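Structure first, then comments.
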Amino acid sequence: MTRIAHDGVLVVGAGLAGLSAALAAAPRKVLLLTDAPLNHGCSSAWAQGGMAAALTEGDTPEQHAADTIAAGAGLVDAAMALRLAQEGPAAVRALATLGAPFDMTPEGGFAQSLEAAHARARVARVKGDQAGAAIMQAVTIAVLAAPHIEVRTGHRLRGLLQDAAGRVRGVIAETNGRAVEITAAATILATGGIGGLYAVTTTPAELKGEGLGLAALAGARIADPEFVQFHPTAIDIGRDPAPLATEALRGEGAVLVNGQGERFMARYHPQAELAPRDIVARAIHAERQAGRGAFLDARQAVGAHFPEEFPAVFAACLSGGVDPRVELIPVAPACHYHMGGIATDADGRSSLAGLYAAGECAATGVHGANRLASNSLLEAAVFGARAGRAAAAEADPRTQPTVRVSAPDLPAEPLAQLRQAMSRDAGVVRSAEGLRRLLAELDAFEAIYGLAAPLVAARLVADCALARTESRGGHFRTDATAQQPPRRTFVTWADLPGSRALRYAAE
Ligand code: SIN
């Protein structure tokens, strides 16, 4: 086993949260580990919509926070949402200063798109659907130029190191088939979400909740893991992952129709196509389940302007043989974002000393039960930087690791089965019966393959979804459609009934 002692901040993950944390930790030395090459294997680079922020005359952070709280269906931490909204405009301007080429108005302000559940156009965008790629390019260049940051690609997270008191003291990574132990004075996980646990996802399929699973096994407190957001309009052309048709298309006036040509959304919600994302996702799911199919019709709203206005969506459609200028785009809901994650405070601190989390693997409380559109890049930039600053200030290299928390691999075949089971039973529509079936499958997988991190992450989702006997935001139970009084979920791995049963069975 190779051992490396890093006397600074270790960041795992190179999406916008990880890169923002690395930049903000200056002048402390940062070692940034990522499995994929920079700008690959992270959802940030695929984000189409943009960054929500109160940047225009008449808009305020308070209004942005109010929309965030309303979308979150009773579970948003209001103080966190206000902090995010207040720090949003400066975060967008800072990215523009780094070179992110946001669309500007003729007057020199940020051009704004309208997306669902925002009371006004509030999303700073880049050439229609290029925001994530363009922002990540600008930030990646800044990271590569920063003298305090060393980037190592080809390093896959395999475990966490802890000292005798439980303080996290670094990670175990795998590179070129060999394990390497890297001790660090502070560790930030920015490992992304859990899209790769689902059969249909808009995120890179390699994101399988590894950071979340390992943090849970190390004893970290996990918040709201049952809340998964399904984007209504993944393009259904048989690709894995499924390309996204950004919500901004509906903001521009594109409409949803079924195979009978009926504009069906008004049957489900008065805001029709611009209803909250979970409602649109369930409506599309229902149309498809009823055999009517669902399609996005952008022929009138965008038509001939597609190649310039939405180049990523245009290219994705063409790759599946659909010309969206003149044809309907077949759409399906897909796992898009995990609201739950490693519970953190406003500076990314987890419940374990020495461990910080930022971006999608973290749960700051700003998203509640349903994330507001285009708040994720914003959260990654704002809370990623806050985590970087806190980790740098609190870094402590004094203790030695004595405990290794590592997880076995989950081979391809059971992973494929897991993805089908998660989509079937912990997807857009859930029930106690389905969740129990899923948990039984997880028991069987764990008995064969051990506590692989994707299985741990899946169990967190399934167990907490079963325990939440209500419907709220992204969590919809056919057998419990009413709402209970609002409560957030906070659990540790040891609290889960499933994990206890498994351990008792193994003893
Ligand atoms: C979209 O462009 O529709 C996705 C934006 C988001 O997930 O916030």
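Would region 77-95 turn up any residue that is under 25 Å from Arg472 (Cβ atoms), within 16 Å of the ligand (Cβ to nearest atom) and open to solvent by 10 Å² or more (accessible area, probe 1.4 Å)?
no
Conditions first: (1) part of a loop (DSSP other than H, G, I, E, B); (2) at pLDDT 95 or above; (3) over 26 Å from Gly219 (Cα atoms). His336 passes all but one, so which condition is the exception?
(1) is the only condition that His336 fails.
Output the number of the condition that Leu32 fails; it satisfies all remaining conditions of (1) at pLDDT 95 or above; (2) more than 17 Å from the chain's Cα centre (by Cα); (3) away from the ligand (no atom under 16 Å from the Cβ); (4) open to solvent by 10 Å² or more (accessible area, probe 1.4 Å).
Only one criterion in (1) at pLDDT 95 or above; (2) more than 17 Å from the chain's Cα centre (by Cα); (3) away from the ligand (no atom under 16 Å from the Cβ); (4) open to solvent by 10 Å² or more (accessible area, probe 1.4 Å) is unmet by Leu32, namely (4).
Give me the pairs, please: first residue somewhere in region 431-451 and touching a residue at least 60 places away in the same chain (Cβ under 8 Å), second residue anywhere and part of a loop (DSSP other than H, G, I, E, B) and surrounded by 13 or more Cβ atoms within 10 Å (Cβ to Cβ), beta-carbon distance under 7 Å, and either six or more positions apart or on two chains.
Leu451/Ala407
Restricting to strands (runs of 3 or more DSSP E) lying wholly in region 208-320: which have 2 or more residues that are open to solvent by 40 Å² or more (accessible area, probe 1.4 Å), touching a strand residue (DSSP E or B) at 6+ places or on another chain (Cβ under 9 Å) and more than 13 Å from the ligand (Cβ to nearest atom)?
Hits in region 208-320: none.
Residue under question is Ser374, and the condition is that it be open to solvent by less than 20 Å² (accessible area, probe 1.4 Å), hydroxyl-bearing (Ser, Thr, Tyr) and either at pLDDT 95 or above or farther than 15 Å from Leu189 by Cβ (or both); does it hold? Outline the logic, then answer.
Numbers: open to solvent by less than 20 Å² (accessible area, probe 1.4 Å): yes; hydroxyl-bearing (Ser, Thr, Tyr): yes; either at pLDDT 95 or above or farther than 15 Å from Leu189 by Cβ (or both): yes.
Spelling it out, Ser374 is indeed open to solvent by less than 20 Å² (accessible area, probe 1.4 Å), hydroxyl-bearing (Ser, Thr, Tyr) and either at pLDDT 95 or above or farther than 15 Å from Leu189 by Cβ (or both).
Inside region 399-415, can you point out the residues that are in a helix (DSSP H, G or I) and either open to solvent by 20 Å² or more (accessible area, probe 1.4 Å) or touching a strand residue (DSSP E or B) at 6+ places or on another chain (Cβ under 8 Å) (or both)? Quick ask: steps written out before the conclusion?
Applying the first criterion (in a helix (DSSP H, G or I)) to region 399-415 yields 412-415.
Of everything in region 399-415, those that are in a helix (DSSP H, G or I) and either open to solvent by 20 Å² or more (accessible area, probe 1.4 Å) or touching a strand residue (DSSP E or B) at 6+ places or on another chain (Cβ under 8 Å) (or both) turn out to be Ala412, Glu413, Leu415.
Hey, could you check region 418-436 for residues that are surrounded by 15 or more Cβ atoms within 10 Å (Cβ to Cβ) and not aliphatic (A, V, I, L, M) and say which is nearest to Leu157 (Cα to Cα)?
Taking the candidates together, the pick is Arg419.
Among the residues in region 142-161, are any more than 30 Å from Leu352 (Cβ to Cβ) and touching a residue at least 60 places away in the same chain (Cβ under 8 Å)?
yes
Just give me the residues in region 364-398 being out of contact with any Phe, Trp or Tyr (no Cβ under 9 Å at 6 or more places or on another chain), closer than 12 Å to Ala81 by Cα and either more than 16 Å from the ligand (Cβ to nearest atom) or outside any helix (DSSP H, G or I) (or both), in sequence order.
Correct list: Gly365, Leu372, Asn375.
The values are calculated or read from the model by the stated rules, or taken from the named source; none is laboratory data. Predicted model, so just to flag it, every value in this text is computed and none were measured. Cβ atoms come from the backbone with ideal geometry, glycine included; neighbour counts cover every protein chain shown. Accessible surface areas use protein heavy atoms only, side chains included; no ligands, DNA or RNA. Shrake-Rupley method; radii C 1.70, N 1.55, O 1.52, S 1.80 Å.
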